[in-house]
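Peer 1: Could you have a look at this structure, given as structure tokens, before my questions?
The values are calculated or read from the model by the stated rules, or taken from the named source; none is laboratory data. Note that the structure is a prediction, hence the values are computed from the model and not measured. Here the Cβ positions follow ideal geometry from the backbone for every residue, glycine too, while neighbour counts run over all protein chains shown.
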Amino acid sequence: MAVTTLHLIQTFVHSIDEDIKRYQQLLDLLQQQRMLYFKFDEHTLSSIVSQQMVIIEQLSRSASERSQCIRKLGLPSNEQSVYRIFNALPSRFKTQVREQWSLLKLLVKECQQMNQSNGQSSAALYELINQIKHPVQYTYEECLFY
């Protein structure tokens with residue numbers, strides 16, 4: 001039983017470090033994506049989005065594994081349980097793991113904000129292209145002369 005508990009905690013903690021790396025990669029790709037909207041580089045943009053999807057799938061699996069670890073430890077899947085796990089760690093690891101968890105949460109937030117910003121840029125770009133391809137036939141100014 002103790003070996004299983006130790007293994008679950010190790011798996012949980014290790015996944016945090018791995019996800020930090022993944023979120024850093026995702027943030028870099030999101031920043032590249034933002035620049036590509038302004039360069040109108042559709043081919044590279046498509047490649048970047050494909051890379052993002054792979055990372056997002058990995059992050060989703062990792063988060064599910066962390067939730068499974070928590071449940072297998074007999075804890076509810078919530079933030080309090082995460083800190084209970086951290087408190088069970090030897091003191092020499094607690095601070096480092098807490099800092100990693102804080103960094104992970106920060107990276108998640110940064111990626112969400114960048115993704116939202118990219119979504120707005122994408123929508124604006126789509127509208128611009130749509131207006132160029134399908135210009136409005138009549139404007140208010142033209143209507144005044146009829």
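Peer 1: Write out, first by first residue and then by second, each pair whose Cβ atoms fall under 6 Å of each other, whose residues are 6+ apart or on separate chains, and whose first residue, in segment 4-15, is part of a helix (DSSP H, G or I) while the second is buried (at least 17 other Cβ atoms within 10 Å of the Cβ) and basic (K, R).
Peer 2: Cβ pairs passing all conditions: F12/R66; S15/R66.
Peer 1: So, one more: Among the residues of segment 36-52, is there at least one that is modelled with pLDDT under 95, within 22 Å of A124 (Cβ to Cβ) and outside any helix (DSSP H, G or I)?
Peer 2: So far as segment 36-52 goes, yes, one or more of its residues are modelled with pLDDT under 95, within 22 Å of A124 (Cβ to Cβ) and outside any helix (DSSP H, G or I).
Peer 1: Among the numbered criteria (1) modelled with pLDDT of 95 or more; (2) in a loop (DSSP other than H, G, I, E, B), which single criterion is violated by S77?
Peer 2: (1)
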